[in-house]
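First up is the structure itself, then whatever we jot down about it.
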Amino acid sequence: MFHYFRSIGFSRIISDGHKKILSDCILENPDYRYIMSKNFNHIFIDFYKEFSDNMGVSLKGVMTDKEEVTVKSLQPYFFTNNVINIHNIKIVDYDDDYLALCEKTDINLKFNFYIQNKLDYLGNKKNCSTKINIAGLASSGKVVLPLNNGQHITSEVFDLKSFDHSLNTGYKNGFKKTKKNTEFKIKQNLNFLSIIENYFLPNCYSKTNYFILGNIKSYTKICNKETNEEVYLLKLSVTGLDLDVCINSCDLFGVPFPGMRFMGNCWLQGKLL
């Protein structure tokens, strides 16, 4: 996950040594602390350090009664206020991280995201809401031209339903064929971007990574106060889903503008409300 630190303005976090320095900084002076006691000898901690509004690094770990901390993970985060209503949700424990498997039936979309507020969920498992916040951290991306309405091809002509079905089948079978199918389909047609307006496709390398192509509704630019690197915050509409994405300005090819489109690879993370 080193490359996703770039998304929030830490392009030079490239080694465990860099992460250790960042961990020490968060432990010494966190902006937010969440603590949940499982038993007297086992205390879960979740510390947050902001490096711009709603953007920073979270440290998750275990603390003993002597306040000795074992760091379990260090993750970049971006919080969004965009509330999304979903219809079905399942929470799974995946290698000590918790993932939400979601279905939004009104736009026929299934997606997973990494749960940021893990301790809130563990302390209140029985009352899992169908309201969520999700955001994407993009490791790379480009701005592309909007679709030419005169060239737009309907789903019946291009058979998007069959295309989506083949991807979802690969997705359900453990992501084994999804990336290969996706890349083949995209490269197979040189005019792909002129006939497909949006897509939201799973990446086989991670259960919470997606290839996306969406319309840019608005954008802002913020600065990481530690590194002075600039980050774009993009508000997108992707196949009917409103999604906020952050990306380092040096990793974005092109200049964003409302009406243009964004194409890139995103790691989805969010909160259960």
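The values are calculated or read from the model by the stated rules, or taken from the named source; none is laboratory data. Since the structure is predicted, the reported quantities are computational estimates derived from the model, not experimental observations. As a convention, Cβ positions derive from the backbone with ideal geometry for all residues, glycine included, and neighbour counts pool all protein chains shown.
General observations
- Any hit, region 16-27, residues being more than 22 Å from the chain's Cα centre (by Cα) and of a type in the set (G, A, S): yes
- Matching residues in region 84-109 - criterion: being basic (K, R) and closer than 19 Å to L236 by Cα: K104
- Residue-level check: of (1) at pLDDT 90 or above; (2) surrounded by fewer than 17 Cβ atoms within 10 Å (Cβ to Cβ); (3) of a type in the set (D, E), D97 misses just (1).
- When residues of region 119-155 are limited to those that are at pLDDT below 80 and not in a helix (DSSP H, G or I), the one surrounded by the most Cβ atoms within 10 Å (Cβ to Cβ): I153
- Contact map, region 75-94: residues that are surrounded by fewer than 11 Cβ atoms within 10 Å (Cβ to Cβ) paired with residues that are hydroxyl-bearing (S, T, Y), Cβ distance under 6 Å, separation 6+ or inter-chain. Pairs shown: H87/T105.
- Checked against (1) under 21 Å from G123 (Cα atoms); (2) buried (at least 20 other Cβ atoms within 10 Å of the Cβ); (3) among the charged types (D, E, K, R), K49 passes all but a single condition, namely (1).
- The single condition from (1) loosely packed, with under 11 Cβ neighbours inside 10 Å; (2) among the charged types (D, E, K, R); (3) touching a residue at least 40 places away in the same chain (Cβ under 8 Å) that E28 fails is (3).
- Scanning region 239-263 for residues that are on the phi > 0 side of the Ramachandran plot and not polar (S, T, N, Q) yields G240, G254, G259.
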